[in-house]
Each structure stands twice: as C-alpha cells, then as structure tokens.
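Asks: First the structure, then my questions, so here it is.
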Amino acid sequence: MKQEAMDQFQSLLAKKLGNTFRLKWDTDRKGVVCGWCRLAAPDDIVIVAEVIAGLQGRVLTISPLNTPSPLVEQAVVDEGFTEAEDPIQVVINYHFFFYEINLTAAITLPDDRRTVQSITPILRSADWHEREMQELFNIRLQGHPNPKRLFLDKDIYLKDHTMIPLSEALNGASTNTLWERIMESNQKGAHADEQL
Amino acid sequence: MIRFFKVILKNIIQGPSTIKYPFEDSPAPEKLRGKIVHNADACVACHLCEYVCAGGAIKMQESEDHQGIDFVVWHDTCTFCGLCEYYCPTKAIHLTNDYHTAHVQADKYNYVEKTFVKKQPCICCGEPMVPISPAMVEQIYGQEGDIRGLSKMCPQCRRKILWKGGVSKS
Amino acid sequence: MPMSSYNIPIGPVHVVLEEPIYFKLQVEGETVVGLDINAGHVHRGIEFLTMQRNFYQNLTLTERVCSLCSNNHPFTYCMALEKLAGIEIPVRAEYLRTIADEIKRIASHLFNIGIIPHIIGFDSLFMHAMEVRESMQDLKESVFGNRMNLSVNTIGGVRYNITDEQSKYIVKTLENLKKPLAEITKICRTDASIRRRTEGIGVLPKDKAIAYGVVGPVARASGLPYDVRVVNPYAAYDKLTVYPAVEQNGDVFSRLLVRLQEAAESIRIIEQCLHDMPEGPTDLGYMPDIPAGEAIAKSEAPRGELIYYARTNGTPIPERIKWRVPTYPNWAALNVMMPGYKIADISVIIGSIDPCISCTER
C-alpha cells in the first residue's frame, strides 16, 4: 500500500516534471516513510501540490529558512558585529502528508526574488502556513485567495525597522549587565554578613 | 441531573480538597525539582551545567584573586528543568524539593546559590589548579582510587609523568 | 424585512481561556455569517530563539512553548534530532517516554473536559473535573518532579526512571481515576443541559475536515480515524495496541466524547506500558554529536499531530527548528464551524477545539 503510493507519486511527478527533480525515500525502523524531494524551479511546487491534492493529501506545514542563515552568525559573533552583506538564499520546505507518507518538497528562491506561487487554491490546508511565511519571512505570495495579515497588524510595514521583535529585545536570557549586578550585589551581601 | 447531585453530596461529605497554605504546611514529594544546592567539594568546574542551562542561570568564573572558581546560580532566572543535575558528571548540583522561592524585590540580585571551588597547588610544580573531586577520581580510577596521585597534578605535569612512566604499564 | 448585520469583535482578551486571540465576527441578527481571525498577541519568537541556543538548551526551551502539551515538544524535538543523527534509543526509554506522554494526555483532556461545562455555565462539574484532574497533577509532581513541565526527554533517551514502588503508585492512582472518569463520562453523555448546548453545535462535516487538514480530537470527532500513534508509530507505540476514539457527528458534543474516551484509553495504554516495559538502560550514557542534516518527526500531542522539522549544519546550534502545533490547522476550520450558529455558541465552539494560543504563536 505504502510502496504503491510512493511509486504512484513518483510516476505522477515524473510525468509532469520529467527528471528535473531529485527524490529519495527513507524508512525508519518503525516503518514511517519520509520522502525528500528537491525541485529545480520554484514554480514546480504548484505541480507537486496538484499531485498531492490528487492523492487526497494535505499540507503538514511549511518551513522557510534563510541559508546561510544570518541568525546563526549573530549568535556566534558577539558584540561589535556588523551586518554582513552576504546574499541570503531562501529555501522553502513544504511538508505534505498522503497515505501515511510524509513528503518534504524543497524549493530555492533565486537571489533577486522573494515571491512564490500560492498553493492554497489547490490545497486549502496551506492557507495559514503561507500567510505566516509572508509575514515572518517577507515572502510574497502570488494568487493567494485571502492574503490578509495573520499575526501582525495591517499598519506595520515589513521594511519599517521601528518595530523591534520581542525575541530580539529580550533575547530570552540573562545578559552580561544583569550578571554584573548579581555578582556585585552578592559581594556586598557577603560583606554585610561579616559585619554582623 | 440526579446523577450529579450524588457527586455533589459525596464531595460535601469528603470536605474541602484545598489546604490552608501558608498557615498549613504543604509537603513536597522527594523528586520535586526546587531550589538548587551546589556541593563545591564534588565539583570539577567542567562548565557542563553552564553549557546546558537554557535560562543562563548558572555562571562559573575564576575569582579575582585566581584562587578558585566562583559558582553562582541565580534562582530568579532558573527554570528548574534539572538538566544541570542530569548532565553533571559528579552530581555536584542537586535540585532539592524546597519550592519556597518568594523573596522581596530588594533581594532579587542576592537570591543566589553561591559556592567557591577552591584551587589546590599541583603536587609537582605548585601551580594552582582545580582539583579533581573524589567523586570524579572514583569514576575514572575505580574503587582503589588514584594511587599514582595523577589527579593532584596540573595537566602539564600529568602529561610529563605519563610520558615518562609509560601509559601501557599501568 | 432584511435583518440588520453587524460586525462584532470578540477578544483579544479572555475569549475562552486566559489567552488572547481576536475574532471579527459578521453577524446577521444573532447568527454568525462570517469571521476573521487575528492572532499574534503573544508571539514570542521561540523559533528564532532556538536558532541561538545549543541542542541541550533547546530541550528546556521547547518544553516551554506550551503548558498542557509541554512534554510533546521536547519529545518530538528529540525524535527529530535522533532521526537526523541515526541514534537508536534504548527500549526502556521508549516505554518511559510513552508513559510520560500518556499521563500528560489524561491531564490535558481532563482540563478540556472541565472547560466545556464551565463555558456553558455548569461550573460545579468544572470544579469536579478539575479536582479529579488533581490526582494526575500529583502523579506528575511525585514521579517527574513538576506539575506541568516534566523534563523527561533528552537526546538519546529519558532523564527519569520508575522504581517498582513508583510503578505501583502509578497503577493505584490510575485505578482510583477510573471510577470518577466513568462517572463524569456518564454525566456528560446523559445530562440534558450539556447535550442541549453542545449537540449539533459547531458541526464540522467530514469532507470539510479533510479539506482543512484538521488533526487530533477535532478530526476524530468528524469521523477521520487519523491518529499519529497508529498511522506513523513512534516511541513504544509500535509495540502497543492503541484504539483511537472516533465519533461521526463532528459537533462539540462529539469532540467532548472523543476526549473522554481517549482519557480512558490512555489509562489502558499506561497500564500496558508498565506491564510490558523491559529492564535496561534509560539513556545513551553520553552526549551524542549531532551531524549536519535534516529530519522531521511527528507525535500525537493531546490536541493532535505535532510536527518538528530540524536542520543542522554540524555546529552545536541548529540552523532551523520549525514546528507546527496541532491547534494551528484547527483554527481555520472555525470558518466552517461557526457560521450559522448563535453568538452565544461562539465560546463553546472555540473551546471545543481545545485551542492553545501560546502554541499557535510560538
């Protein structure tokens, strides 16, 4: 059953895309199948979505990522870090599910373009994921039936840097300044004890 | 509805399920993860706890007089996840079941667990070094312990001795 | 005479529970005709934060995405990394992970089972359900060390073990839970006031459930027998028998029934685990290296399918961690559940998908 579905998907995709894509399957020891598909052109994702829709599948999620990710560099290099001008490549992983199979289809956007074809008209379950990607990664959608903001207010402009993300503002950790105060205050506390 | 009245009646007879904390003590199970205590004698200052701590609540740094390592846990940013205890090779860190962490605002920077891991001089060259704790010695050398005193030497001296004495003999 | 139509705002404060989400409802008279959902009020950027911390710090960080399904986050995160690094965890660890997960499921479901009567004004049942749930909280506190964040999972195994004495204690607590749970189930099934407010309300037909890709109890209440534990087994679920609860009507009442049955099913699964669990190590005994690569892992959280995508580059910090929580696809299905029902039904419909907003926004 699973093998049939895998073969069916592969042949349907090959019929439409020829041999421009790379596809490999891996099965873990509990029999869970994951497919990894790399597409040549960004617009090919529409074809994959059509094939998945034909197999009564759905979208699990969409994970866009910047690579080489500037976020990781920031974590490694500390203060005094100036923003590098390296071009960022956007890779978008679309995770689909059909017949007990998890399939990930990856597209890479060209450097000069941050636009993708929306697959929501084909697969309804992509709706929120695409809208999230539009806001959090500034990837524009073409042909989305309801491209309204999901998280951010409509009056916030994505290019406008007056807004500081909460994660950046807090960084979710204790800073050096904070630790200096802890170490300092604790020394004072120790002295006070001695005087007593 | 009648079925539920039975439940209500049962609950009334049973009495209240809550306790009058803080006027009454609320016992905590032994496994509860609460405030951290650190045993400086068992610590080998490997910094693993600092590495795994998500909240950045643990700080280990050399003291100003270079005589040892200051170990500080700031309880106000600790999430009580217990990763430090789990990964501590000598179990020098322990999360007690003491969950009482209320304190006044003025004490917020003082609300720490602070210990001092004292350095000892190397038995060969006298250079101060973080001693390998007895717990670690037992882990490495087994029950009979470190007969050759390697654990009391700084890394440089240890290397020299091992090179001279031949590793294969022991 | 045409009925007057209005736009009414619901939220963002205190829609159902103490979590913010904003609904713009179009109503005609008292009937809902359309809605617009606006989230983002508690977005904390946790996905961004995971890309700044090492693999071990992220165990604690991911556990704090959500509270009721907190255990599933590090669980699935660990499974993704283990798949990526080709780590095989000890069998005992698989069982221990399963036990922790099912205990969390019971506690989470009992919470929602209490919330539904609370929304419709049946507060004494809410109090009773919460008191019954308290035994699960005590269980978590004494076996794992915390009432919500269990801190069970680590890369390559688990961080806790169960002694024979604790095993007996778990069995006893579960045994004591069976009777009150059966009682609550009976009350929910038969009580006229509950049935009046939940039966035939917020219906999600099967075809729409498929189209919107809903998961968890919401999907199973609409007749979709999809359960990750059965379809894509993980941990010890390939060695256990799991019977997912399925209802056909797709209304609020069915979703309540699914959760009630699943809580009972979880008790059975834990007993099965404690019986079958072999002796042996619970972790790898070392901190494994995570090579460069990518992987996905899925698990059945109390609210449904949770998926993690991890991509690493050989450094101790992940390049990308992305997760999709079960509530996420269920939100959009409210577009089907709400229109046609009265304003008074809105909160019970929202409550019936057991929404987790801190999960949705991350």
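Asks: Quick one: what are the phi-derived ³J(HN,Hα) couplings along region C:288-304, Karplus 6.51/-1.76/1.60 with θ = phi - 60°, whole Hz, x for glycine and proline?
Replies: x, 7, 9, x, 6, x, 9, 7, 10, 9, 10, 8, 9, 7, x, 8, x
Asks: State, to one decimal in nm, how far the label point of A:A14 lies from the label point of A:Q56, with both points 7 Å from Cα in the Cβ direction.
Replies: 2.5
Asks: How large is the convex hull of the Cα atoms of region C:165-250 per residue, expressed in Å³ as a whole number? Write down the numbers at each step before the final one.
Replies: Numbers: hull volume 10.4 nm³, N = 86.
Once divided by residue count, the hull of region C:165-250 is 121 Å³.
Asks: Between B:D65 and B:Q139, take the C-beta separation as r, use R0 = 41 Å, and let me know the FRET efficiency to the nearest 0.05.
Replies: Given R0 = 41 Å and the Cβ-Cβ separation, E is 0.85.
Asks: In straight Cα distance, which lysines are under 19 Å from C:K168, not counting same-chain residues fewer than 8 positions off?
Replies: Filter leaves B:K31, C:K104, C:K140, C:K178, C:K179.
Asks: Got a sec to turn the phi values of region A:11-16 into Karplus ³J(HN,Hα) couplings, 6.51 cos²θ - 1.76 cosθ + 1.60 with θ = phi - 60°, whole Hz, x for Gly and Pro?
Replies: 6, 5, 5, 5, 4, 8
Asks: Name the long-range amide H neighbours of C:T154: under 5 Å, sequence gap of 5 or more, or other chain; modelled H, no Pro or chain starts.
Replies: Long-range HN contacts for C:T154: C:R159.
Asks: Something else about it: How tilted is helix C:164-190 with respect to the longest principal axis of chain C? Cα atoms for both, answer in degrees (0 to 90, nearest 10).
Replies: Once rounded, the angle reads 10 degrees.
Asks: Which lysines have a Cα less than 24 Å from the Cα of B:K119, not counting those fewer than 8 places away in the same chain?
Replies: Reachable lysines: A:K188, B:K59, B:K91, B:K152, B:K160.
Asks: Under 11 Å from the Cβ of C:P90, count the other residues' Cβ atoms, weight Lys and Arg +1, Asp and Glu -1, and hand me the total. Please report the intermediate quantities before stating the final value.
Replies: On the way: positive: C:R92, C:R97; negative: C:E88, C:E94, C:E279, C:D283.
It works out to a net charge of -2.
Asks: Connecting C-alpha atoms closer than 10 Å in a GNM of chain C, tell me which of C:K342, C:K186, C:K104 has the biggest fluctuation.
Replies: Looking only at C:K342, C:K186, C:K104, the biggest GNM fluctuation is shown by C:K186.
Asks: So, one more: Pull out a ≥ b ≥ c, the square roots of the eigenvalues of the alpha-carbon gyration tensor of region B:29-118, then state rounded if a/c is under 1.5, prolate if not and a/b is larger than b/c, and oblate in the remaining case. Could the numbers behind the result be given before it?
Replies: On the way: a/c = 1.82, a/b = 1.21, b/c = 1.51.
Since a/c reaches 1.5 but b/c is at least a/b, the shape of region B:29-118 is classed as oblate.
Asks: Still on this structure, I have one more. Which ³J(HN,Hα) values, rounded to whole Hz and listed in residue order, are derived for region A:144-155 from phi using the Karplus coefficients 6.51, -1.76 and 1.60 in 6.51 cos²θ - 1.76 cosθ + 1.60 with θ = phi - 60°, glycine and proline given as x?
Replies: Working through the residues one at a time gives 7, x, 8, x, 6, 5, 10, 9, 8, 5, 5, 8 Hz.
Asks: Which cross-chain or sequence-distant (5 or more) residues have an amide H under 5 Å from the amide H of C:L35, H modelled 1.01 Å from N in plane?
Replies: Amide H to amide H, under 5 Å and 5 or more residues apart or across chains, C:L35 pairs with C:Q26.
Asks: Continuing with this model, one more query. With each label point set 7 Å from Cα along the Cα-Cβ vector, what nm distance links B:F5 and C:Y22?
Replies: Distance between the two pseudo-spin positions: 4.8 nm.
Asks: Can you give the Rg to Rh ratio for the protein assembly as shown, taking only C-alpha atoms and Rh from Kirkwood?
Replies: 0.99
Asks: Let me ask something else about it. What net charge is computed for the residues neighbouring C:G293, neighbours being all others with C-beta under 13 Å from the C-beta of C:G293, Lys and Arg scored +1, Asp and Glu -1?
Replies: That works out to -1.
Coordinate-derived values only; no laboratory data. Please read these numbers as outputs of a predicted model, since none were measured by experiment. Positions of Cβ are backbone-derived with ideal geometry, glycine not excepted, and every protein chain shown enters the neighbour counts.
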